[in-house]
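A.B. asks: Starting off with a structure, shown below.
The values are calculated or read from the model by the stated rules, or taken from the named source; none is laboratory data. Just so we're clear, the structure is a prediction, and the values are computed from it rather than from any experiment. Backbone-built Cβ (ideal geometry, glycine too); neighbour counts: all protein chains shown.
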Protein chains: 2
Amino acid sequence: MYSEKVPEAIDLSHHLSEVSKARAISPLKGLQKYMTKPGLITMAGGTPSPEYFPFSTVSGETLVTESFPLTTQSSSSFSWFWKLFGTGAGKKEKTTTFTINKWPAHTGDLNLATALQYSPATGLAALQKIIQEFSEKVYQPGYKNFTTLIDAGNTDGWGRAALTLLNQGDGVLCSEWTYPSALAGIRPWGVKTVPIAMDGQGMRSDSLRETLASWNEAERGFKRPHVMYIIPVGQNPTGATMEAQRKKEIYDICVEFDVIIVEDDPYYFLQQSPYVPKDQRTDEDAFSSTSAEEKFIAQLAPSFLKFDYQGRVIRLDTFSKTVAPGCRLGWYTCNPQFAERLERAGETSTAAPCGFSQVMVASLLLNWHYEGYIRWLRGLRLQYEQRRDAFIDALADAFQLDMGIEINGHRKGSLVYHASLKPERQFSEKSSMRYSKPLFSFVPPSSGMFVWLKLNLEEHPSYTAVGYKALEFKLWTALAEHGILFGFGSMFSASAVTDETEGDGHFRISFSSTGHDDMKKAASTFALVLREFMKDQ
Amino acid sequence: MYSEKVPEAIDLSHHLSEVSKARAISPLKGLQKYMTKPGLITMAGGTPSPEYFPFSTVSGETLVTESFPLTTQSSSSFSWFWKLFGTGAGKKEKTTTFTINKWPAHTGDLNLATALQYSPATGLAALQKIIQEFSEKVYQPGYKNFTTLIDAGNTDGWGRAALTLLNQGDGVLCSEWTYPSALAGIRPWGVKTVPIAMDGQGMRSDSLRETLASWNEAERGFKRPHVMYIIPVGQNPTGATMEAQRKKEIYDICVEFDVIIVEDDPYYFLQQSPYVPKDQRTDEDAFSSTSAEEKFIAQLAPSFLKFDYQGRVIRLDTFSKTVAPGCRLGWYTCNPQFAERLERAGETSTAAPCGFSQVMVASLLLNWHYEGYIRWLRGLRLQYEQRRDAFIDALADAFQLDMGIEINGHRKGSLVYHASLKPERQFSEKSSMRYSKPLFSFVPPSSGMFVWLKLNLEEHPSYTAVGYKALEFKLWTALAEHGILFGFGSMFSASAVTDETEGDGHFRISFSSTGHDDMKKAASTFALVLREFMKDQ
């Protein structure tokens, strides 16, 4: 597929951790040359006879790829809301069915005798083939000999990658706001986080260069980091998406300072058109609704892989957001040198991802074909866009929203919506209380599942006395008491937050699974609670 | 259930590794008090809407619990061989079917909306309940507040337990012959193995005491070990099973020297009656064929849990040998202090075991009920016993077998079968070549899937020149060239094996999935190859 001119991965073995280097070579290595012998009698492994697998068949009834429309159909009154939210037990869906038998009818058929048996950490051959082709077609890595390796989802993927690359006391470059579970996975190993400032596209390249170029080991107490953890699309929690130019800049800096990029990209296919206020919204959508899959792919922000001519990107893909989290299935795309070590790390943890899941997801994707899966993803993308719009619409109903361009901080360059309390309808003794600044603001996310709210608590009576952290928690608790659970902002900080830390409070609000009425209730309750909260001593 | 007199687990927190202690508390901890609020609107997590799970239903067609008989039926000529081996695509099996819908028809029903969603590392509540009850009924832990925690099988189970208990440079007590993947999982972390001598019941208590009592840290270079890894039933590779008395002795020593026992017990339900040569075999079987499930359980060697009055046993159970390895599902039974840390370790690796697998296995076990699952296990046990017998019968056909009691070494006290070449039928120039000692010997295993062969290569022409390791490899290769793959013995040694190491070669031969004809062919090919091998310079 790739021409002669496309480079191969360079030697990056100096990045392997002590633990990774100490892992044994594949235990199957010595057997491989005999495994293909015709009529081979294998009495080497502890494999149960598939006779004794109690599952004779497993079946799946699955949605068709066209289950979700490609246009918002806003003109047809609120029918799309029904499609979007009117579901549950009563809904009639169009489905197709597949069945996997224990014994294959034809050589190469998916079958339970293989899928439910022990397998190498590379998983089912059929699934391996699907993900390899998918990565090649969609991400178009910039070097020839990239490889893909199945894993048990991005938590497993990052966990294994981190321990393959990092020694105790090493530092990891990450965005100043980031996914707390990724940090929880490495901190117990004595790995330090090195937060890099962000703007409206996520991690800033100038801050990255500055951090790396000015690294003072004596002052910092540890070596210049050689690993980056980044969520470049629908950044968690900010929702920022990094475009090609910024990715190229960051990649080049990583080449210069010899940094490995771990690209955690669960929200890649949930990329969304810019939010348009309800009264200005049309059927038009930045993502073409009729074009073929190639055009859709071309519209998405590229993966770091596309710029990777050295093999220094470890990309993490997952089926959690595109099929279901319970699949516990995802894959690496990276150079073969890292893939081999990641496979060894898998052998002594998950062994291989679950066979039920592999066979279910492989069947789904084989039935759908590549084109069908892309069609599914296009429908899914729009569903989340509409959910985002529905939640922001609900905020617009509950608050007064004013637009502006952010000129500094981690949202620099973004179109920001500033929210103020609406005038109270009923007169009361405090109804005249107004604040000079909006009480919170947010940037509509460009991908993913979250609205990241920046609170403005400066005018709270206790702000000076207790600081923002205590107020963020107090407001979070007040909302929880009113039956609304938002994500608590401080937990997404890559730096430690103490009572003395200056700053603003934040909430991460997920619009991914809340019904329309609940979204409206959440927004109006938020207004109610916030109004009371601001008066509270 | 437990009386007031049954003790609770003691504080064993000093056993937690630095990494384990550094893990964050549960991220859900702060939310729990609000989670049960009626009408709660949760916008905290990144959970996709189940609307978008493409699976509307999944179904399983499963074998009935009586699929395999409880008696050998040796009298009815070879009909049991047909039942045992005459299977594959053409076989008609008795099955029942279950279906799991996306949306539950009744509260508490298993459903895909929950099973395929993100879940806490404790997994599905229904499965949690099943395994807790199972551990209580079958293993009867000696303390009150034991807990169970789902994992992704024993490789994941041991991996997490090891990193929860062990720091770099620590030692682990293990049997002198043991499962190599368990060691491969800990060695990269700089953990040392401390092999303990074995006899016909597995690890020797006198050797264990001797090792611990005489521990000299300065000489050994590391602290007295405080963790034991042990496979007490159908020991891998030797097939030994440890009875109650020995387990009690080892447990008491572990109390005395403050050692945590990790009991890896995949073969617990494959316990087998003693091997009886074919011509003396009757329908009688040490395991009662008609008694109720309680009697069957009572006949099994007890778990270390039964003697555990302090909570120092971490038992690992798996569905790999009793349902299928591809489930990647198992569970811990241990004290709540360790369980909490193991759960945290799960959150940043597998997250939770695969939802497809959880819902499939939970459905199977809910349909079968406890009694049905025990019935299934009783049938399965006998199947492996018959496979073991069929393979040893094949060896008896291919070799001359002589019985004896082993008086020393790692099989001490066992009934051993010594195998010699049968006289060659056709005269040839070398047909008179005889050896003064049998060429190999084995103890019929009392559980599990393996026959552990001890080779006797002393009379090989090159023995003195090249040593046993080279000869073991040479013979293994000759067999592989003839299309027979055995497990290579040296890889099961807990000590490093070098060219200079003295000893005997070994093979581990699995009888778990090889057909009857292939077993016979393997035995006769082994005789043929061994005959040529012994003449070879």
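Here is a yes/no grid of residues against (1) touching a strand residue (DSSP E or B) at 6+ places or on another chain (Cβ under 9 Å); (2) surrounded by 22 or more Cβ atoms within 10 Å (Cβ to Cβ); (3) not assigned by the TED database to the domain that holds residue B:293:
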| residue | (1), (2), (3) |
| --- | --- |
| B:366 | yes, no, no |
| B:371 | no, no, no |
| B:375 | no, no, no |
| B:379 | no, no, no |
| B:391 | yes, yes, yes |
| B:395 | yes, yes, yes |
| B:402 | yes, no, yes |
| B:406 | yes, no, yes |
| B:411 | yes, yes, yes |
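A.B. asks: Do you know which of the residues in the range A:26-52 that are small (Gly, Ala, Ser) and in contact with a strand residue (DSSP E or B) (Cβ under 7 Å, 6 or more places away or on another chain) is surrounded by the fewest Cβ atoms within 10 Å (Cβ to Cβ)?
C.D. replies: The extreme case among them is A:45.
A.B. asks: Could you tell me whether the range A:444-452 includes any residue that is in contact with a Phe, Trp or Tyr (Cβ under 6 Å, 6 or more places away or on another chain) and either assigned by the TED database to the domain that holds residue A:178 or within 30 Å of residue A:96 (Cα to Cα) (or both)?
C.D. replies: yes
A.B. asks: Evaluate the following for residue A:240: is it part of a helix (DSSP H, G or I) and of a type in the set (Gly, Ala, Ser)?
C.D. replies: no
A.B. asks: Being farther than 19 Å from residue B:327 by Cβ and of a type in the set (Val, Ile, Thr) is the filter here, so list the residues in the range A:324-374 that pass it.
C.D. replies: If the condition is that a residue be farther than 19 Å from residue B:327 by Cβ and of a type in the set (Val, Ile, Thr), then A:333, A:374 are the ones that fit.
A.B. asks: Let me ask you something else. Test residue B:245 against the criterion of being in contact with a helix residue (DSSP H, G or I) (Cβ under 7 Å, 6 or more places away or on another chain) and either loosely packed, with under 13 Cβ neighbours inside 10 Å or assigned to a loop (DSSP other than H, G, I, E, B) (or both), and give yes or no.
C.D. replies: no
A.B. asks: When you check residue A:342 against the structure, is it in a helix (DSSP H, G or I), surrounded by 16 or more Cβ atoms within 10 Å (Cβ to Cβ) and more than 11 Å from every other protein chain (Cβ to nearest Cβ), yes or no?
C.D. replies: Here the answer is yes, as residue A:342 does meet what is asked.
A.B. asks: Testing residue B:477 on (1) buried (at least 17 other Cβ atoms within 10 Å of the Cβ); (2) within 11 Å of chain A (Cβ to nearest Cβ), one condition comes back false. Which one is that?
C.D. replies: Of the numbered conditions (1) buried (at least 17 other Cβ atoms within 10 Å of the Cβ); (2) within 11 Å of chain A (Cβ to nearest Cβ), the odd one out for residue B:477 is (1).
A.B. asks: While we're on this one: Working carefully through the options B:261, B:253, find the one that is more than 30 Å from residue A:24 (Cβ to Cβ) and at pLDDT 95 or above.
C.D. replies: Checking each option against the conditions leaves just B:253.
A.B. asks: Please go through the range A:1-41 and give me each residue that is without any contact (Cβ under 8 Å) to a residue 40 or more places away in the chain, facing another protein chain (nearest Cβ under 7 Å) and part of a helix (DSSP H, G or I), ordered by number.
C.D. replies: Those that are without any contact (Cβ under 8 Å) to a residue 40 or more places away in the chain, facing another protein chain (nearest Cβ under 7 Å) and part of a helix (DSSP H, G or I): A:22, A:34.
A.B. asks: Let me ask something else about it. Give the residues of the range A:488-525 that are among the acidic types (Asp, Glu) and in a loop (DSSP other than H, G, I, E, B), sorted by residue number.
C.D. replies: A:499, A:500, A:502, A:504
A.B. asks: Filter the range B:353-406 down to the residues that are within 11 Å of chain A (Cβ to nearest Cβ) and among the β-branched types (Val, Ile, Thr) and list them by number.
C.D. replies: B:359, B:361
A.B. asks: Are any of the residues in the range A:53-64 more than 7 Å from every other protein chain (Cβ to nearest Cβ), surrounded by 15 or more Cβ atoms within 10 Å (Cβ to Cβ) and under 30 Å from residue A:371 (Cβ atoms)?
C.D. replies: Yes.
A.B. asks: Collect the residues in the range A:252-305 that are in contact with a Gly (Cβ under 9 Å, 6 or more places away or on another chain) and either more than 30 Å from residue A:8 (Cβ to Cβ) or not β-branched (Val, Ile, Thr) (or both), keeping them in residue-number order.
C.D. replies: If the condition is that a residue be in contact with a Gly (Cβ under 9 Å, 6 or more places away or on another chain) and either more than 30 Å from residue A:8 (Cβ to Cβ) or not β-branched (Val, Ile, Thr) (or both), then A:264, A:265, A:266, A:267, A:268, A:270, A:271, A:272, A:305 are the ones that fit.
A.B. asks: Of (1) touching a residue at least 40 places away in the same chain (Cβ under 8 Å); (2) buried (at least 19 other Cβ atoms within 10 Å of the Cβ); (3) farther than 18 Å from residue B:267 by Cα, residue B:185 satisfies all except one. Which?
C.D. replies: Against the list (1) touching a residue at least 40 places away in the same chain (Cβ under 8 Å); (2) buried (at least 19 other Cβ atoms within 10 Å of the Cβ); (3) farther than 18 Å from residue B:267 by Cα, residue B:185 comes up short only on (1).
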